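Heads up: the structure comes next, in structure tokens.
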Amino acid sequence: MEQRIPLRSLAPELLARNFAEAEPGLTPKAAVEESNRCLYCYDAPCIKACPTGINIPSFIKRIATSNLKGAATAIMDANPVGASCSRVCPTEILCEGACVLNDASEPIMIGKLQRYATDWAIQNGRPLFKAGTPNGRKVAIVGGGPAGLSAARELARDGFAVTIYEAKPLAGGLDTHGIVSFRLPQSVSLWEVEQVEKLGVTIRTGVKVGTDVPVSDLMDNFDAVVLAAGMGYVPPLGIEGEFLDGVYDAIQLVEGTKSDELPILALSGARVAVIGAGNTAIDAATCSVRLGAENVKIVYRRTKDEMTAYDFEYEFAKQEGVEFSWLTAPSRIIGDENGKVMHLECVRMQLTEPGADGRRTPVPIEGSEFLMPVDAIVTAIGQKRRTGLIEMFGLAHNRGVVQIDTATHVTSNPKVYAAGDIVFGAGQGEAMVVSAAEQGKRCAHAIREHFASAADDESGPEQVAI
Amino acid sequence: MADLTINLAGIKAPNPFWLASAPPTNTGYQVQRAFEAGWGGAVWKTLGEPIINTSSRFAAVHFNGQRVAGFNNIELITDRPLEVNLKEIYETKKRFPNHAVVASLMVEPKREKWHEIVKRVEDVGVDGLELNFGCPHGMAERGMGAASGQQPDLVEKQTMWAKEAAKTPVIVKLTPNITDITVTARHAVMGGADAISMINTINSLAGVDIHSWNTIPHVGGKGAHGGYCGPAVKPIALNMVAECARHPEIGVPISGIGGISTWQDAVEFMLMGASGVQICTAAMHHGFRIVEEMIDGLNNYLDEKGIESVMELVGKSVQRYSNWGDLDLNYKVVARINTDTCINCNKCHIACEDTSHQCIDMLTGASGNYLEVREEDCVGCNLCSIVCPVDGAIEMVEIASDLNPMSWNDRQRTLARLNAGQTEMEVV
Ligand SMILES: Cc1cc2nc3c(=O)[nH]c(=O)nc-3n(C[C@H](O)[C@H](O)[C@H](O)COP(=O)(O)OP(=O)(O)OC[C@H]3O[C@@H](n4cnc5c(N)ncnc54)[C@H](O)[C@@H]3O)c2cc1C
Ligand SMILES: Cc1cc2nc3c(=O)[nH]c(=O)nc-3n(C[C@H](O)[C@H](O)[C@H](O)COP(=O)(O)O)c2cc1C
Ligand code: SF4
């Protein structure tokens, strides 16, 4: 039997350094230079490529003309979580990917400029928006993640009385708990939460709808409900040994590094295998590196071409020293006599010819099983659906994906709207912070429209005459 | 949100940003689009006898990769019939009653011509008139534009003729192609001008193509001087506005024009005495939507400073603009280099060494090379801080003086008292 060193946590100072934001912000000089490079295109493709439609040339011109408040306002007006998005958006495939300078020279660093302006707003501290005059209507929002916050912000600006129910002790959703701090410090997400609270939105944290308050309470006491509960933790792998000591859920792993309450995993010196190759797998892998792991391997049954993580994430993971085991499928987790993870049994895969969907399926190569010695395994194969909650609301869904009208985001119950990860999947949308934000906005606008037209119907001709 | 409305000699507008008389205000379609975008006023493209323009009209000077540092044109006044313009002015004013619509006019220097055109444009409801004595090309050959704008007596006489017929405020637009703009400004005021605007464009040749040897722009291989505008002319325009603003015999509101492309530029013009600004090149470079950024920036600036109305800015810096002879010769600043933010490009050293007073030393210390100013030798010229690429890395700090303030003029007066027979002149 091989020698195993007991795993430890890194020293707090080292952890603090490892989990501090990795990417530095632009200096004032860099921001001025970069903002002046922007062409201020008309009908700019970057605006169209941003799911929330931020007026990018405008906010950049405002940076160039020392109007940082105006820049931050333009950003946050279109995107209530614009500070987080400046850090986590896959800008290469969104705004920056659409920049007309891509071929002519270098695309404008839109994300970094967005961060520069919103960092200013965070430091400046003064609110950018005001609540609307109360209109007497009440809306409940389930989930205080990007989708819920975005809906709340827009509704509050329209004069609705908004209550967010958030199961966790802090709002912000995955921005607060799920995206690693060295990409998105928690303080940024909490600032966005605070901006929404300052508009008079009540955020009831630590209240889980369906458990702590019944769904009927919301349905009875509010004029409309926005369901923005996201998705859950990582689903089971369905292989032997996955409940052994040393097998972790990727999202919980990250959550532990972002919370003062949860224990930090002792991974110093560990050999870690991360199963999956999406965004979560990358975050879990780089997180493990920063927790002090000696060797981190991403184990994926397909190849680099099929993985769902973005190119920049892949590059980042490689830079962090993460290794990739392509065409490798985990088949079994083997523990030692104390029930502690010891080996990941894997089987080599090969890809078939492309099927009807154009995707090549991985099939095991017979007899290629091998054992990968590991101290910890992190599962990152996706997120569970909130089917239970959806069913408590009695909403039509497709295997946990709430069915909506894509224009209004109204569900099968006309009083309930849904946005964010809870409607993502089954060919619908993208699981991104920015799309959650846009969908939250759309729900809010649809609710506004709904009650505006309801008000029109109620007012008789004699009332109009005054 | 501050109050952005302005009142320029009785002409009111929702904000100080007006389009100058130029291609952006050529038609009703354009002016209405501009108002929709947020512009507070527009001075219609100069009306007069319609002309024929050349094809190939504009050129620009690009500076180190930035487009349009300066803009040059050989366009003339409107090329559309007066009736068409009048009809569109009427329609525009009807749709936008609260926006300022000013008609720019240029006719032959004849009394009845001025009377006639003033009457015709006032009949369609303009808020004011701007007399274009500034176009530096084409029209001058016909005795109009700069040709009359360079002769103080003609400025005065024509202003008077326009005023005889005018019921709305008359703004006289001045040409910068003159030695002392306060002379023509004064004559405009003597002629009865309610306000003056400046500057029109400056005589210019944008460039020469070093391969074809043609002028830029050229019309079939031939060129002629044009008028220069855009960011490059701002300091010239700002000085002219300031000189007029502080001149005791001028005393009428000023509409500031020339190189304004940001809200900060507008604030500078207003601080130097302009009651509002006019803009052409920035709109031509970016479209009408650029005004949104200007309005937002101005608003945030005023809020930040706790200023309730933009009109409070007007003239706030004028009294600080003086004559060289009145500057304090005992005031002293020296350069100080912040080694923490200095990036060691050594630009300041070589600028001072080769072209100023040789007082920035390149030194080596424990942590490497650094730069230091020998303050006793520094004359406080600012050159190093100008060439320094990092904001704040070189600060010009004031050195307290034990001497009382003394200007050149003070000095001359004192010397004269001490020594009757002194002949040196006052410097103004
Ligand atoms: C590890 C990881 C990394 C990611 N990285 C990126 C990235 O770089 N860029 C990017 O754009 N996207 C990224 N994403 C995706 C992104 O985080 C999500 O798409 C986005 O957060 C979805 O927002 P949401 O508001 O729909 O859901 P969530 O952010 O999940 O928020 C839902 C909220 O609802 C609460 N809730 C759930 N059930 C209840 C209940 N019954 N009662 C009350 N409250 C409830 C939850 O506690 C949570 O706070 C990442 C996701 C993960 C997991
Ligand atoms: C193409 C062009 C045409 C112009 N035509 C006129 C004109 O007809 N009448 C006039 O008074 N000024 C005319 N101008 C001058 C502008 O009104 C303005 O005074 C000048 O461009 C300075 O402002 P700017 O730096 O913002 O462009 C013209 C300028 C340009 C660029
Ligand atoms: S801008 Fe271009 S297309 Fe338009 S008139 Fe001028 S030369 Fe022609």
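Each reported figure results from applying straightforward, stated rules to the coordinates on display, with no laboratory input. None of the values given here were measured: they were computed from a predicted structure. All Cβ positions, glycine included, derive from the backbone under ideal geometry; neighbour counts span all protein chains shown.
Look at B:Leu238, A:Leu262 and count the other Cβ atoms within 10 Å of each Cβ; fewest to most, that gives A:Leu262, B:Leu238. Efficiency by 1/(1 + (r/R0)^6): what FRET value for A:Leu262 and A:Ile122, r their Cβ-Cβ distance, R0 = 30 Å, to the nearest 0.05? Result of the calculation: an efficiency of 0.75. Placing +1 on the Cβ of every Lys and Arg and -1 on the Cβ of every Asp and Glu, with no other charges, gives region B:324-398 a dipole of roughly 200 debye about its Cα centre. Under the classification rounded if a/c is under 1.5, otherwise prolate if a/b is larger than b/c and oblate if not, where does region B:26-107 fall, given a ≥ b ≥ c as square roots of the Cα gyration tensor eigenvalues? Oblate, since a/c reaches 1.5 and b/c is not below a/b. Using a simple spin-label model with pseudo-atoms 7 Å out from Cα toward Cβ, B:Asp180 and B:Asp328 lie 2.9 nm apart. Under conditions of 20 °C and 1.002 mPa s, chain B yields 90 µm² s⁻¹ as its translational diffusion coefficient, taking Rh as the Kirkwood radius over Cα pairs in the Stokes-Einstein equation. When the charge dipole of region A:308-401 is built from unit charges on Cβ atoms (+1 for Lys and Arg, -1 for Asp and Glu) and taken about the Cα centre, the candidate among A:Thr387, A:Ala329, A:Ala309 whose Cα reaches farthest toward its positive end is A:Thr387. Residue pairs exceeding 28 angstrom between C-alpha atoms, taken from A:Lys112/A:Lys208; A:Lys138/A:Lys441; A:Lys415/A:Lys441: A:Lys112/A:Lys208.
Axis angle, to the nearest 10 degrees, between helix A:110-124 and the longest C-alpha principal axis of chain A: 70 degrees. The alpha-carbon of B:Lys316 sits under 26 angstrom from the alpha-carbons of these lysines, leaving out residues fewer than 8 places away in its chain: A:Lys69, B:Lys12, B:Lys173, B:Lys234, B:Lys305, B:Lys332. In chain A, helical runs assigned H by DSSP with n ≥ 4 each contribute -39500 (n - 2.57); averaged across all residues and rounded to the nearest 500, the mean residue ellipticity at 222 nm is -10500 deg cm²/dmol. By the count of neighbouring beta-carbon atoms within 10 Å, fewest first, B:Val43, A:Val254, A:Val289, A:Val378 end up ordered A:Val289, A:Val254, B:Val43, A:Val378. Got the relative contact order for chain A handy, in percent, Cα pairs under 8 Å and 6 or more residues apart? Dividing the mean separation by the residue count of chain A yields 16 percent. With K and R counted +1 and D and E -1, the other residues having a Cβ less than 15 Å from that of A:Pro45 yield a net charge of -3. Once you sort the root eigenvalues of the Cα gyration tensor of region B:146-293 as a ≥ b ≥ c, which label holds: rounded (a/c under 1.5), prolate (a/b larger than b/c) or oblate (the other case)? Oblate, because a/c is 1.5 or more while a/b does not exceed b/c. Within straight-line reach of A:Lys258, meaning a Cα separation under 17 Å, sit the following lysines at least 8 residues removed in sequence or on another chain: A:Lys168. Over region B:113-244, Cα pairs under 8 Å with separation of 6+ residues give a relative contact order of 23 percent.
Starting from the Cα-Cα distance between A:Asn36 and A:Asp245, subtract it from 0.36 nm times their residue separation and give me the gain in nm to one decimal.
In short, 69.8 nm is gained.
Of interest is the spacing of the C-alpha centroids, which for region A:45-100 and region A:254-294 amounts to 31 Å.
For a modelled paramagnetic label at B:Thr341, 7 Å from Cα along Cα-to-Cβ, the residues of region A:54-94 in reach, with backbone nitrogen under 19 Å, are A:63-69. Between B:Lys94 and A:Lys384, what is the FRET efficiency for a Förster distance of 45 Å, r being their Cβ-Cβ separation, to the nearest 0.05? That gives a FRET efficiency of 0.10.
Relative to the longest principal axis of the Cα atoms of chain A, the long axis of helix A:28-37 makes an angle of roughly 70 degrees. The relative contact order of chain B, computed from alpha carbon pairs under 8 Å that lie at least 6 residues apart in sequence, is 14 percent. Taken as Cα centroids, region A:348-366 and region B:224-283 sit 70 Å apart, rounded to the nearest whole angstrom. Which of rounded, prolate or oblate describes region A:247-379 when judged by the alpha-carbon gyration tensor and an a/c cut-off of 1.5? Oblate, because a/c is 1.5 or more while a/b does not exceed b/c. Mean per-residue shielding of peptide A:46-59 is 1, counting Cβ atoms of other chains within 10 Å of each Cβ. For trypsin sites (Lys or Arg not before Pro), the sites in region A:184-247 that DSSP calls loop and that have at most 16 other Cβ atoms within 10 Å are A:Lys198, A:Lys208. Note on A:Lys340: lysines with a C-alpha under 20 Å away, same-chain residues under 8 apart excluded, are A:Lys297.
Helix A:433-458 and the longest principal axis of the Cα set of chain A meet at an angle near 30°.
Report summary: the helix-based calculation at 222 nm, which adds -39500 (n - 2.57) for every DSSP H run with n ≥ 4 and divides by the residues of chain B, gives -9000 deg cm²/dmol. A:Gly241 sits among other residues whose Cβ lies under 10 Å from its own Cβ, and their net charge, with Lys and Arg +1 and Asp and Glu -1, is -2. Among B:Tyr29, B:Tyr301, the order by Cβ neighbours within 10 angstrom, fewest to most, reads B:Tyr29, B:Tyr301. Residue-wise HN-Hα couplings along region A:272-279, as the Karplus relation 6.51 cos²θ - 1.76 cosθ + 1.60 with θ = phi - 60° gives them from phi, are 10, 10, 10, 9, x, 9, x, 4 Hz; Gly and Pro carry x.
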